[in-house]
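Structure, as structure tokens:
The values are calculated or read from the model by the stated rules, or taken from the named source; none is laboratory data. Just so you know, these numbers come straight off a predicted model, no measurement behind them. Cβ placement follows ideal geometry from the backbone for every residue including glycine, while neighbour counts extend to all protein chains displayed. Areas reflect the complete protein model, heavy atoms only, side chains present, ligands, DNA and RNA absent. Shrake-Rupley method; radii C 1.70, N 1.55, O 1.52, S 1.80 Å.
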Amino acid sequence: MNTKHRNWISILSLLLWAIISTTALASFVPTAVALEYNKEILISADFSGRDLTDSSFTKANLRYSNFSHSNLRGVSFFAANLESANLQGANLTNTTLDSARLIKADLTNAILEGAFAANARFDGAIIDGADFTDVLLRRDEQKKLCKLAKGTNPVTKRDTRDSLYCS
């Protein structure tokens, strides 16, 4: 084999190796990266349909923000302002909502199972079909939510009133 052919074979081998390496790296994408938005002003931000597992929005201003159909498992919304936020169909399992303002928030069909919501305020919130199983709430907030509670969560099949232990 002459030198010219060996050079072409070497170039093609190198090119093939580069393509395979690039393809392997491009296919390796982590499912979710925890992000920190602590104390950020994110009014009307669009986080819809995102996987924000274990992210932190501590003391963030999230008024009118859109989290519809997002995966918010384990997210910290400690003391966050979620007034008029869209949380329709969001997965808020094991989320920290302590001292959060969810005034007029839309929690239609949201899953809040195991969330810590002590001192959270839900005045005027829409909770149709929301699942509050094992959510830690103040008794007065639980009573307010029971006055609004209706529907069944389409994913967990749990009745909103039952998940809030409404009488």
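For segment 33-157, the residue among Leu72, Leu112, Asn91 whose Cα projects farthest onto the positive side of the dipole built from Cβ charges is Leu112. Per residue, the accessible area of segment 28-167 comes to 49 Å² when a 1.4 Å probe rolls over the protein heavy atoms. Applied to segment 128-140, the Karplus parametrisation 6.51 cos²θ - 1.76 cosθ + 1.60 on θ = phi - 60° returns per-residue 3J(HN,Hα) values of 4, x, 6, 10, 9, 4, 6, 7, 7, 10, 5, 4, 5 Hz, with x for Gly and Pro. For Thr152, nonlocal amide neighbours, meaning residues 5 or more places apart or on other chains whose placed amide H falls under 5 Å from its own, are Gly129, Thr160.
For segment 118-167, the fraction of 1.4 Å probe accessible surface lying on carbon and sulfur atoms is 52 percent. Rounded to the nearest Hz, the phi-derived 3J(HN,Hα) couplings of segment 156-165 under the Karplus curve 6.51 cos²θ - 1.76 cosθ + 1.60 (θ = phi - 60°) are 8, 6, 9, 6, 4, 4, 5, 5, 9, 6, where x marks glycine and proline. Ordering 150-162, 49-61 by mean Cβ neighbour count within 10 Å, with the highest value first, yields 49-61, 150-162.
Once you've got the Cα coordinates, tell me which of Lys59/Lys104; Lys104/Lys143; Lys59/Lys150 are over 22 Å apart. Long pairs (Cα-Cα over 22 Å): Lys59/Lys150.
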